[in-house]
1. Considering only the range F:50-67, I want to know if a residue exists there that is touching a His at 6+ places or on another chain (Cβ under 8 Å) and under 26 Å from E:F88 (Cβ atoms).
2. Take the residues in the range B:33-49 that are of a type in the set (G, A, S) and over 22 Å from the mean Cα position of the chain (by Cα), then tell me which one is modelled with the lowest pLDDT.
3. Return the total of residues in the range A:60-80 being of a type outside the set (A, V, I, L, M), more than 13 Å from the chain's Cα centre (by Cα) and farther than 16 Å from B:C31 by Cβ.
4. Return a yes/no flag: does the range B:82-94 have any residue that is of a type in the set (S, T, N, Q) and within 14 Å of the chain's Cα centre (by Cα).
5. Test B:G115 against the criterion of being on the phi > 0 side of the Ramachandran plot, touching a strand residue (DSSP E or B) at 6+ places or on another chain (Cβ under 7 Å) and among the small types (G, A, S), and give yes or no.
6. Looking only at the range F:110-125, how many residues end up being within 13 Å of another protein chain (Cβ to nearest Cβ) and touching a residue at least 60 places away in the same chain (Cβ under 8 Å)?
7. Scan the range B:53-76 for residues that are within 17 Å of B:V131 (Cα to Cα) and facing another protein chain (nearest Cβ under 8 Å) and jot them down.
8. If C:G154 passes every condition in (1) farther than 30 Å from B:S17 by Cβ; (2) at pLDDT below 95 but one, which one does it miss?
Protein chains: 6
Amino acid sequence: MIDAPYGELEIGQRKVSKGRTLTEADVVNFCMLTGNWLELHANAEFAKQTMFGQRIVQGSLIFSIGNAMIPFDPEVIEAFYGCDKLRFVKPSFIGDTIWATGEIVRLEARGDKHGLATLLLEVANQREEVVMSCEFSLLVRKDRLKPVTGPQTG
Amino acid sequence: MIDAPYGELEIGQRKVSKGRTLTEADVVNFCMLTGNWLELHANAEFAKQTMFGQRIVQGSLIFSIGNAMIPFDPEVIEAFYGCDKLRFVKPSFIGDTIWATGEIVRLEARGDKHGLATLLLEVANQREEVVMSCEFSLLVRKDRLKPVTGPQTG
Amino acid sequence: MIDAPYGELEIGQRKVSKGRTLTEADVVNFCMLTGNWLELHANAEFAKQTMFGQRIVQGSLIFSIGNAMIPFDPEVIEAFYGCDKLRFVKPSFIGDTIWATGEIVRLEARGDKHGLATLLLEVANQREEVVMSCEFSLLVRKDRLKPVTGPQTG
Amino acid sequence: MIDAPYGELEIGQRKVSKGRTLTEADVVNFCMLTGNWLELHANAEFAKQTMFGQRIVQGSLIFSIGNAMIPFDPEVIEAFYGCDKLRFVKPSFIGDTIWATGEIVRLEARGDKHGLATLLLEVANQREEVVMSCEFSLLVRKDRLKPVTGPQTG
Amino acid sequence: MIDAPYGELEIGQRKVSKGRTLTEADVVNFCMLTGNWLELHANAEFAKQTMFGQRIVQGSLIFSIGNAMIPFDPEVIEAFYGCDKLRFVKPSFIGDTIWATGEIVRLEARGDKHGLATLLLEVANQREEVVMSCEFSLLVRKDRLKPVTGPQTG
Amino acid sequence: MIDAPYGELEIGQRKVSKGRTLTEADVVNFCMLTGNWLELHANAEFAKQTMFGQRIVQGSLIFSIGNAMIPFDPEVIEAFYGCDKLRFVKPSFIGDTIWATGEIVRLEARGDKHGLATLLLEVANQREEVVMSCEFSLLVRKDRLKPVTGPQTG
């Protein structure tokens, strides 16, 4: 592309995150943050009678970690625009390790200064199962923000 | 409806959450939980040069709190199925207070034992702005789970 | 009662909470919050020589979660007034699941606008043991506060 | 006392804690830990119409920090026995600084090996107001537990 | 360098982190994590009479964040070896924003498989002051660890 | 020493902390606080192929807890000055319990009002291994700060 208007972003670009193990502490922290102590996630006795037989990790947590893990160029990101076709296709359990993959599938202009970058975002686990997928859209800048730094970068 | 197959859930039912003020601590906690310290949320100096002029609250946090706040019958919820048309239409700032509204817009059978309940979920703030909307879908049970409780409910 | 002066509150009313599993993360979080790292709770080696043989969950945590779990009408609650006869009658261990029960045992007027609601509050576990009980008193309003909400409730 | 049966504890002994400033982060952390997002503590807009005019710090948090701050000999403490006459006499606001004072007012034998130590526990703030008081009782050991330590204390 | 034995690491290589604003929540979180509520950090009234006139951010927190912010190749890092000449040369206050700079100043072999990489690590703030410096040493691997990933990277 | 210019501090003075068990929650909390999710600490699958065979506790966490645990007189501490010869000589694993020992090895004047107190600080575990050592230096005051307290100490 001649003028590379969205920093390092191009259609077809694909990035894989590091892995992260989902712990009981993560599940408790997410109950705490959201205020939602649904017994599916927070009550080990209750969870025994569900279709999963044990507590499951919150879908919103998988989504929040998954989109945060993908290492795209932060200096062109203006805001989280939206998301479509988010689906949780397998449960995640305490102790599972997840990785996220993002592939840029659309880049559209939005006025003179911005664009919309859409990623196919997938999260998979150590059993080689895809547990979540979505189309994740970021509002990006054509002109990369200049870093704001202290004296040591002079 | 004759047999009320999804607990208290019915099309057209609408619930409004309590309000919650979004604090700097919430923004830091969400950076911590996701591992994403995007300067838009975590660097007050950097944020001055963005289109918002200040740090903004993470969209994923608004989404995570927003869907957690709606007080629907927890005993029929089996899992978070997915989400469509999630859009962040206004920024949220530190100190804003938000409320969520959920209205059931679809109830579909999924096999003999389950259904899919889709809510129009909206989050608004103290300036009477809608900041987020989405179609949020839960896998629900036709037979309500029986509560698992200790001896005090005998 | 003719004029239902305390929202939905009446003597004899009884509510049971959902259950919550007490995790190692909860115990660590409570050490962190209070600044009290008493080895009984925070040192697994030390705890082996105590009368319990293992780390126990903090009583103040059981109390704090227990009184928070009871789903009484929040719009009449003005403040936490006080507590009497708080007793921890059994230890709680990491991995235990607890439920709380509250029964309104006294409702007394306090001036023109307020009352004092006293609950018999009990916390029990999955072994059907009561672990904590107290008389828990809330200052309540005769006139229910009107909800403060955003535009979606108009 | 001839045999000093409860470590350093004696009737009339009095200890004052260090001070701690109550922050917005503490209030949010306590909402998170307990799962109780009562709008009195968590919604700045709602709090304006209460009798306090602003969010107040949770009583259970004052109690939890207050009893944790008193520096009594940890090696004789076996468990938190209970509490009586807990009263919150003034509200605490975000930004207040608190100190706790504990004075031993009763020491009673409980079988051969244990005793019950009761403290008059008070919490006060930088405006010289007592905000909380209670009679706080600990189960203590007559024989002090021997410290469990690593090799560096040999 | 012919065989690039330490991944991307070379003497003279220099990396600058993103910036992060130090919040009151960070200071409270670090008091919580360490169990150290030194009044210099945790008591706003006490802090008025110190040489700084206000609460200061913990040095250990500046050090912990500072060394974590530098984006060196994680796949060659085996362990944190040690640190020398750590000095806090200016105080950090709540609301300051910091950046870290790391420059590799030594690379030494340690047996056949490992090396020691030493960085001059500096942390500076928005007032263009260096607040911390140290020589920070990592044990690194000559052979880069192969990433462990899920199915999406096949 | 005639005038005891540094509060209770004297060369040769030695203090041993209480013990604390390092939990998975601590490791996750420290990843969260620092923003560093190095797979060595955060990915159980990745950690299997490292020289340790499992996740290890962060060195910076051992250092941060270790120096916080030593109970020296807080009223003479002005600031954390610096640290030398910090070495991590053994790994720490989730579930280990640690103790810290500090011995004052140097006391030097710094102008009229301050001194520099240097401790040999060691952290050891339940297997009687020293896992960390350093020379830890605090800026201390010759005149002890007077406590700032509320009305209850009058």
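1. So in the range F:50-67, the residues touching a His at 6+ places or on another chain (Cβ under 8 Å) come out as F:55-58.
Of the ones still in play, those that are also under 26 Å from E:F88 (Cβ atoms) are F:57-58.
Yes, the range F:50-67 contains a residue that is touching a His at 6+ places or on another chain (Cβ under 8 Å) and under 26 Å from E:F88 (Cβ atoms).
2. Restricting attention to the range B:33-49, the residues satisfying the condition of being of a type in the set (G, A, S) are B:35, B:42, B:44, B:47.
Retained after the next criterion (residues that are over 22 Å from the mean Cα position of the chain (by Cα)): B:42, B:44, B:47.
Numbers: B:A42: 97, B:A44: 97, B:A47: 94.
Restricting to residues being of a type in the set (G, A, S) and over 22 Å from the mean Cα position of the chain (by Cα), the top hit is B:A47.
3. Here is the first cut: in the range A:60-80, the residues of a type outside the set (A, V, I, L, M) are A:60, A:63-64, A:66-67, A:71-75, A:78, A:80.
Then keep just the ones that are more than 13 Å from the chain's Cα centre (by Cα); that gives A:73-75, A:78.
Filter once more, keeping what is farther than 16 Å from B:C31 by Cβ: A:73, A:75, A:78.
Adding up the residues that qualify gives 3.
4. Residues of the range B:82-94 of a type in the set (S, T, N, Q): B:92.
Checking the rest, the ones that are also within 14 Å of the chain's Cα centre (by Cα) come to none.
So far as the range B:82-94 goes, no, none of its residues is of a type in the set (S, T, N, Q) and within 14 Å of the chain's Cα centre (by Cα).
5. Details: on the phi > 0 side of the Ramachandran plot: no; touching a strand residue (DSSP E or B) at 6+ places or on another chain (Cβ under 7 Å): yes; among the small types (G, A, S): yes.
For B:G115, the condition - on the phi > 0 side of the Ramachandran plot, touching a strand residue (DSSP E or B) at 6+ places or on another chain (Cβ under 7 Å) and among the small types (G, A, S) - is not met.
6. 1
7. Answer for the range B:53-76, where residues must be within 17 Å of B:V131 (Cα to Cα) and facing another protein chain (nearest Cβ under 8 Å): B:R55, B:I56, B:Q58, B:G59, B:S60, B:L61, B:F63, B:S64, B:I65, B:N67, B:A68, B:M69.
8. The one condition C:G154 does not meet is (1).
The values are calculated or read from the model by the stated rules, or taken from the named source; none is laboratory data. From a predicted model like this one, the values you see are computed outputs, not experimental measurements. Glycine also receives a Cβ, built like all others from the backbone with ideal geometry; neighbour counts cover every protein chain displayed.
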